[in-house]
Amino acid sequence: MIGQQLRALALGATMLAGSVALPAQAQIVRPDLQLGTEVQSFGRVSFDGRSLMIDGKREVIWSSEMHAFRLPSPDLWRDILQKMKASGFNSVALYFDWGFHSPKPGVYDFTGVRDIDRLLTMAEEEGLYVITRAGPYVNAELTRGGFPGYLVNQRSRARTDDPAYLASVDEWLTQINAIIARHQIDNGGSVILHQIENELALTTPSQRRYMDHLYAKARADGITVPIFHNDQGRNGYWVPEGSGVEKVVDGPNDMYAFDAYPGGTCTVGGEPTRGSAAPDWGYYGTGGARGGASASPNSPGFAAEFGGGWFDYWGSNGGYDCNAVQRGRRYQRVFYGTNLANGIGIQSFYMGYGGTSWGWLPAPVVFTSYDYGAAISEPREIRDKGQELKQLGGLIAAVTDMAGMVPAGPVEISTDQVQVYHNHSPESDARFMLVTQNPSNGDGDHSFTVTADLPDGRYTMPLRLNGFDAKWLVAGADIAGQRLVWSSSELQHGFTQDDAGIMLLYGRQAEDGRTLLRYTSAPTVTVVEGNVRHTFDAAKGDLQLDYTHRGLARVRIEGGGRPPLTLLIADEETGWQFWKDGDVLVRGPHLLRSAEMSGSRLALTGDTATASPLEVWAPRAARNVTWNGQRVRLQPGTAGSRVATTELAGPRDFALPELNNWRVAAGSPEIAPDFDDSAWQAIDRRAYASTTARPDGEPNMSMDAYGFHEGDVWYRGRFTGTPDAERIRLAYGAGGSGMVQVFLDGELIGQQDLPWGLPRPITTGTAEYDLPDAARTPGEHVISVMVRNNGHNWDLDADDFHKEARGLISASVEPRGGRSFAIPLEWKIQGRQGGEDIVDPVRGVPNNGGLFGERQGWHLPGFNDRAWQQQAAPASDLDPGTTWYRTKFDLAVPQGQDATLALQFGDPAVPRSAAQYRVLIFVNGWHMGQFIAHVGPQRTFPIPEGILNHRGNNTVALAVTSDGAPGNALEPVRLVTMRNVRGGLKVGQVAAPATLRD
Ligand code: GAL
């Protein structure tokens, strides 16, 4: 509960649902359920109140989110898209981060790791529909919520129709909309829906005009697909005009969409909670904008984001494993299923793959890893929850009648401990029954019956629900040339191959199951494997199969007036061994990426995690089968399959080098009184755009005003020694777990870490230090201050929160004891080399801040460090300030293997070190993360292939910042293998400069 409160507060939002009361049995067909029947068409995409349609065909849009900017290795985007597809998704949602593309007004870059055109082409090639979300504001736990750095200097209010803001916005939209427009489904691409803005909860006239502007701009830029906004919770903000529902604010959108992360969370101790039942945000809800059929009856239920995990905070106990469980298996069945039953036929889970907030991407609320507990982990492994999604997505794909279903009326349930959502397709009358606990977050073990009038007659179905879980049951449906009367098993796949059907059913391990199929006469049933009893009811034509879900049973059914059927019945986890692409079913490997038929050749590609059997159900024409390009010998298997005569090879182990050859250099020369800062900018009284209050009459010290938006910034202030120079007082902004170091004439006089406080991360601080006697001696003295800016705030509440000041806000040297006058100080500032004119446009905006070593290119692989001191292992003491470590090593990951390697610091068993220090991690020049030893929780930093050279030479550079106290120094650093499979995709090195001069 505490965790839940903390998280709700941390968001500063009400997005976590409170407890939503469910009707005792959610079977009520609302008498006032009036769904819009008018079809609104946008080229190939159209919709009515019930569903989206593509080319006039109703579709469930089953999507999850990825952020290409969180995976700076474009070849691996395809890996994620293929894994999403293999996990049962038909769509992917993509945020775009304006600030990632634009270092300076008028300067935009869509090349390399920012190549959106390539990303959209890949999604289209992989057969995924795309939902584009181009902001301009996106939130997404990004610094400034995705706004570019220079927007912090804009005095006009963001997210309004202020002309200066709109002029900037239009620059971005002109660029991004043009790329998106090319990839729309009507132009041969796969973009089907487009979002403007994100969670704009302020609904003033100015905001309305802003939204109108965004809509008109998208249309003017050639966006023709339906446009929606993502409401922060199901509040009914910005619903399409004329929807005629209460408590809503009209917007210019074509469709209404919302986001939500309900249903408990993880405690601070890392335990999942099941705080509330799945809300009825649709057909089974009650009243107004929050309940009811839809906040927008003329457009289908649409969750633009629904909890697919959650983010984690500086200083947490490491919540991603918990988040993966809390919004993982069973949760997905219960919550996503309840959405589906409620008519939310467009769902996108946030995140499907979270990735890495590398460099200075993160907002203050998050650290480097954005794993999110998503179905695909940060090291790119499909989690168990992804296997469950594969089963759910398989059902959605097999039962085309699922799209546009509506409530079908009550059923009889033999217990009130369980509820059944009973829907049907108005066109085919096919049924979907979602069976959950009552309330749905319950966890009892119930055996019960459900009696219902189904399309093929009245049936009593014996069922079991054991624990927090839901069953997705289908009845009265035509699947794979068969008639499924009903089944207590769930359908994973059902399709036609050549002229026969294949159906894969599954159920909980050791649970009994029953399936009824209908025939015109008694079919021939051959139980090839397993224990399946069958009877035929000649009067009804029902073939009844009874079995227990255990391992895999195989049944061949022939005759009976239907095409032959191969029926496979698995326990749930045996079902995970199956993968389907098109009309090819494969069992055995760790992953099937693709199955492509050309002539007699069937080319399978995928991964193995160990030596694996391969069993294939393929069209007869497939005589030559290859696995990752290698011919596979097959022999006949059972029930129509073919089996490889030898196992597919697994990956080979490989050794990683030890990192015991370091070169070391001191990295804070700015602290020396005689450091040459003649090229630095002088602090002056330029216009102040920050929302942070500061003392009257002071100069503008904020780093952003000087074009330094990311990472570290240095200030040097000169004053003449006087007996009054007794103390220094500072106010600073440093983001989440940021810090400040203050030096006088080369000596550290104080360091302050911002506490990783919740409910909101503490992002600004004040510090006051007594000055040593040296400050009172005659002559010139120099104060050097380094501020680490760990991210600008997001602008979640549209209150310009992203304009909170960063760097120094004010600084004064003054006497103690109530005599308030300040000693005159001349300040200079230096941040990232070039400021907004970034010197490394390839690695781009997030890569660099303003450390001396970064300004000199010490982080880059081509830097010559031969003059640096050699060390086998990091020293146990450091000087105050920043010390750089560099090392080079070779890697030799076997060809044809896909591994995820990581850098790991200190003892992986504890979330926080006793030693207090921070590390900026550069791999081949790319800033891949920040380790804060005493804050945690992240110690292991996966580095994607393409950044890391898996077959060649690599350079790691670490910028280690410490206060110099004994022991506050770099702990052992090692390479670790997080994941290793045979297969994968070919990944090229991301080309980037090796030195500052390249
Ligand atoms: C949503 C928001 C996303 C992201 C998410 C939490 O409300 O739209 O951008 O911040 O919350 O991860």
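The values are calculated or read from the model by the stated rules, or taken from the named source; none is laboratory data. Fair warning: this is a prediction, and the values are worked out from it, not measured in the lab. As a convention, Cβ positions derive from the backbone with ideal geometry for all residues, glycine included, and neighbour counts pool all protein chains shown. Ligands, DNA and RNA are excluded from the accessible area calculation, which covers all protein heavy atoms including side chains. Shrake-Rupley method; radii C 1.70, N 1.55, O 1.52, S 1.80 Å.
Restricting attention to the range 452-462, the residues that are open to solvent by 20 Å² or more (accessible area, probe 1.4 Å) and either of a type outside the set (D, E, K, R) or over 21 Å from TYR284 (Cα atoms) (or both) total 6.
Taken over the range 286-321, the criterion of being over 30 Å from PRO911 (Cβ atoms), small (Gly, Ala, Ser) and at pLDDT 85 or above is satisfied by SER299, GLY301, ALA303, ALA304. Note on the range 681-697: residues that are open to solvent by 60 Å² or more (accessible area, probe 1.4 Å) and among the hydrophobic types (A, V, I, L, M, F, W, C) total 2. Selection within the range 192-211: residues that are away from the ligand (no atom under 16 Å from the Cβ) and in contact with a Lys or Arg (Cβ under 9 Å, 6 or more places away or on another chain). The member of this set that is nearest to ARG234 (Cα to Cα) is GLN207. Within the range 410-449, the residues that satisfy the criterion of being in contact with a helix residue (DSSP H, G or I) (Cβ under 8 Å, 6 or more places away or on another chain) and hydroxyl-bearing (Ser, Thr, Tyr) are TYR421, SER425, SER428, THR436, SER440. Taking VAL528 as the residue in question, decide whether it is open to solvent by 10 Å² or more (accessible area, probe 1.4 Å) and in the same structural domain as ASP443 (by TED's automatic domain parsing). Taking the combined requirement at face value, the residue satisfies it. Residues in the range 323-370 that are of a type in the set (D, E, K, R) and open to solvent by 10 Å² or more (accessible area, probe 1.4 Å): ARG329, ARG330. Check whether at least one residue in the range 141-160 is under 17 Å from the mean Cα position of the chain (by Cα), of a type in the set (Gly, Ala, Ser) and crowded, with 24+ Cβ neighbours inside 10 Å, and report yes or no. The answer is yes, given that some residue of the range 141-160 is under 17 Å from the mean Cα position of the chain (by Cα), of a type in the set (Gly, Ala, Ser) and crowded, with 24+ Cβ neighbours inside 10 Å.
The condition (being in the same structural domain as ALA123 (by TED's automatic domain parsing), open to solvent by less than 50 Å² (accessible area, probe 1.4 Å) and free of Cβ contacts under 8 Å to residues at least 24 places away in the same chain) is satisfied by just one residue among TYR165, TYR215, TYR210: TYR165.
The strands (runs of 3 or more DSSP E) found entirely in the range 630-673 that carry 1 or more residues being of a type in the set (Val, Ile, Thr) are 630-632, 642-644, 662-666. The C-beta contact set for the range 136-147 (first residue within 22 Å of ALA216 (Cα to Cα), second residue β-branched (Val, Ile, Thr) and near the ligand (Cβ under 8 Å from one of its atoms), distance under 7 angstrom, 6+ apart or interchain) comprises GLY146/VAL138. Could you please let me know if GLU388 is away from the ligand (no atom under 16 Å from the Cβ) and outside any loop (DSSP other than H, G, I, E, B)? Yes. Out of LEU891, LEU878, one residue alone is assigned to a loop (DSSP other than H, G, I, E, B), out of contact with any helix residue (DSSP H, G or I) (no Cβ under 9 Å at 6 or more places or on another chain) and buried (at least 16 other Cβ atoms within 10 Å of the Cβ). It is LEU878.
I need the full set of residues from the range 607-650 which are touching a residue at least 40 places away in the same chain (Cβ under 8 Å), open to solvent by 20 Å² or more (accessible area, probe 1.4 Å) and closer than 23 Å to ARG380 by Cα, in order please. Scanning the range 607-650 gives ALA609, THR610, ASN628, ALA649. Just so you know, in the range 716-729 the residues that are touching a Leu at 6+ places or on another chain (Cβ under 8 Å) and part of a loop (DSSP other than H, G, I, E, B) include one that is surrounded by the fewest Cβ atoms within 10 Å (Cβ to Cβ), and it is GLU726.
Among the residues of the range 415-436, those identified as surrounded by fewer than 21 Cβ atoms within 10 Å (Cβ to Cβ) and not charged (D, E, K, R) are THR415, GLN417, PRO426, SER428.
Of the residues making up the range 730-753, those that are open to solvent by 10 Å² or more (accessible area, probe 1.4 Å) and part of a loop (DSSP other than H, G, I, E, B) number 2.
Considered as a group, the residues in the range 305-323 that are outside any helix (DSSP H, G or I) and away from the ligand (no atom under 11 Å from the Cβ) include one that is farthest from ILE196 (Cα to Cα), and that residue is ASN317. Among residues of the range 225-243 being open to solvent by 30 Å² or more (accessible area, probe 1.4 Å) and touching an Asp or Glu at 6+ places or on another chain (Cβ under 6 Å), the one that is nearest to the ligand (Cβ to nearest atom) is TYR237. Summed over the range 544-571, residues that are touching an Asp or Glu at 6+ places or on another chain (Cβ under 8 Å) and either more than 25 Å from ALA618 (Cβ to Cβ) or free of Cβ contacts under 8 Å to residues at least 12 places away in the same chain (or both) total 6. Pull up the range 790-808, narrow it to residues that are in contact with a Ser or Thr (Cβ under 6 Å, 6 or more places away or on another chain) and outside any loop (DSSP other than H, G, I, E, B), then point me to the one that is farthest from the ligand (Cβ to nearest atom). Applying the filter and picking the extreme gives GLY807.
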